[in-house]
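Please read the structure below before turning to the comments.
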Amino acid sequence: MSDRISVAKTYKLYIGGKFPRSESGRVYPVTDSQGAFLANAAHASRKDLRDAVSAARKAFPGWASATAYNRGQVLYRVAEVMEGRRAQFAAEVAACEGVAAKKAESLVDAAIDRWVWYAGWTDKIASVLGAANPVAGPYFSFTTPEPTGVVGVLAPQASSLLGLVTVLAPVLATGSTAVLVSSADRPLPAITLSEVLATSDVPGGVANILTGRAAELGPWLASHGDVNALDPTGATPEDRVTLAQEAAGTVKRVLSVPDAEPDWTAEPDLTRLRRYLEAKTVWHPMGV
């Protein structure tokens, strides 16, 4: 009996709730930690990025105006679907990151738990980060946190799932929408996450995932006038200087991140949630 030739997968982008090919037609091979071929991934272009930003902007009003409780339920559903694909995530993390099966399972469990943690904060953010301000006069003064808008995210290059979840989940939890560029050499967990998002309750366009090179797509994301904030985690320290300069043209918020990737297994806090919120203060006269 002759050996069967397996069918190589060619994965697509995730834009606006759909899976289009890159308009450039480019793909690149994805290999495991030993150099063995795993699949082909789409190499996103500038046009793909513009399409993703347009989808994120279109989805923003509906996502931002949804009740905090509803957003939490939608995000919790993502964790449920991730749990159902736990074995696939573990296999991809093990192959991409070159870690043992037990370690990969631990990283996947941490990623799912991290997603649940951020989902649980959606209806608590206003109470913790908002305030009723004391004023000297016949007025009420309230400060409430509101989502910042469309956020561009360059995902971590080394941590293919846990780091990815840590930078994406807080964007969505605050009510912002995201355009994320995955790890270039380890994109498979991000692609599987996009399939999870598509089969859960997340509206199309709320999260858009592109595969490609942060060095190529980052400057276009930083200079895009319809992107309100940028997380440059996946860029090199040298490239982050250029990204900050590009972002200055549109007065874009650029997150301050360490040069080296942090320990993604560390307990999260509210820092990343705060970064994607704007404080809105309202004054209202007291009734007589």
Which of the residues belonging to region 9-56 are in a loop (DSSP other than H, G, I, E, B), of a type in the set (Gly, Ala, Ser), touching a strand residue (DSSP E or B) at 6+ places or on another chain (Cβ under 9 Å) and under 17 Å from Arg186 (Cα atoms)?
-> Ala44
Mind listing just one residue for me: the one in region 16-52 that is among the acidic types (Asp, Glu) and in contact (Cβ under 8 Å) with a residue 40 or more places away in the chain and, of those, surrounded by the most Cβ atoms within 10 Å (Cβ to Cβ)?
-> Asp48
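Of all residues being open to solvent by 10 Å² or more (accessible area, probe 1.4 Å) and in contact with a helix residue (DSSP H, G or I) (Cβ under 6 Å, 6 or more places away or on another chain) in region 216-232, which is nearest to Arg274 (Cα to Cα)? Just the residue, please.
Step by step, filter region 216-232, then rank; the result is Asp226.
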When residues of region 1-15 are limited to those that are of a type outside the set (Ser, Thr, Tyr) and without any contact (Cβ under 8 Å) to a residue 12 or more places away in the chain, the one least open to solvent (accessible area, probe 1.4 Å) | Val7
Filtered residues of region 101-129 (kept if surrounded by 15 or more Cβ atoms within 10 Å (Cβ to Cβ) and outside any helix (DSSP H, G or I)) | Thr122, Asp123
Restricting region 166-195 to residues that are in a loop (DSSP other than H, G, I, E, B) and open to solvent by 10 Å² or more (accessible area, probe 1.4 Å), the one farthest from Leu217 (Cα to Cα) turns out to be Arg186
Which residues, taken from region 1-38, are aromatic (Phe, Trp, Tyr) and more than 23 Å from the chain's Cα centre (by Cα)?
-> Phe37
Is it the case that region 142-164 has a residue that's of a type outside the set (D, E, K, R), part of a strand (DSSP E or B) and out of contact with any helix residue (DSSP H, G or I) (no Cβ under 9 Å at 6 or more places or on another chain)?
-> yes
Positions within region 147-165 being of a type in the set (Ser, Thr, Tyr) and open to solvent by 10 Å² or more (accessible area, probe 1.4 Å), in sequence order = Thr148, Ser159
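Being of a type in the set (Val, Ile, Thr), over 21 Å from Tyr14 (Cβ atoms) and assigned to a helix (DSSP H, G or I) is the requirement here; does Val241 meet it?
On the way: of a type in the set (Val, Ile, Thr): yes; over 21 Å from Tyr14 (Cβ atoms): yes; assigned to a helix (DSSP H, G or I): yes.
Answer is yes for this residue.
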Could you say whether any residue in region 73-83 is open to solvent by 20 Å² or more (accessible area, probe 1.4 Å), in contact with a Gly (Cβ under 6 Å, 6 or more places away or on another chain) and closer than 15 Å to Pro189 by Cα?
-> no
Given (1) modelled with pLDDT of 95 or more; (2) charged (D, E, K, R); (3) within 17 Å of the chain's Cα centre (by Cα), Arg275 misses just (1)
Could you list all residues from region 258-269 that are under 11 Å from Pro156 (Cα atoms) and modelled with pLDDT under 95?
-> Ala260, Glu261, Pro262
Would you check if there is a residue in region 42-58 being closer than 23 Å to Ser200 by Cα and in contact with a Pro (Cβ under 7 Å, 6 or more places away or on another chain)?
-> no
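The values are calculated or read from the model by the stated rules, or taken from the named source; none is laboratory data. Just so it is clear, the structure is predicted and the values come from calculations on it, not from any experiment. All Cβ positions, even for glycine, are placed from backbone atoms using ideal geometry, and neighbour counts span all protein chains on display. In case anyone asks, the SASA skips ligands and DNA or RNA and just uses the protein heavy atoms, side chains included. Shrake-Rupley method; radii C 1.70, N 1.55, O 1.52, S 1.80 Å.
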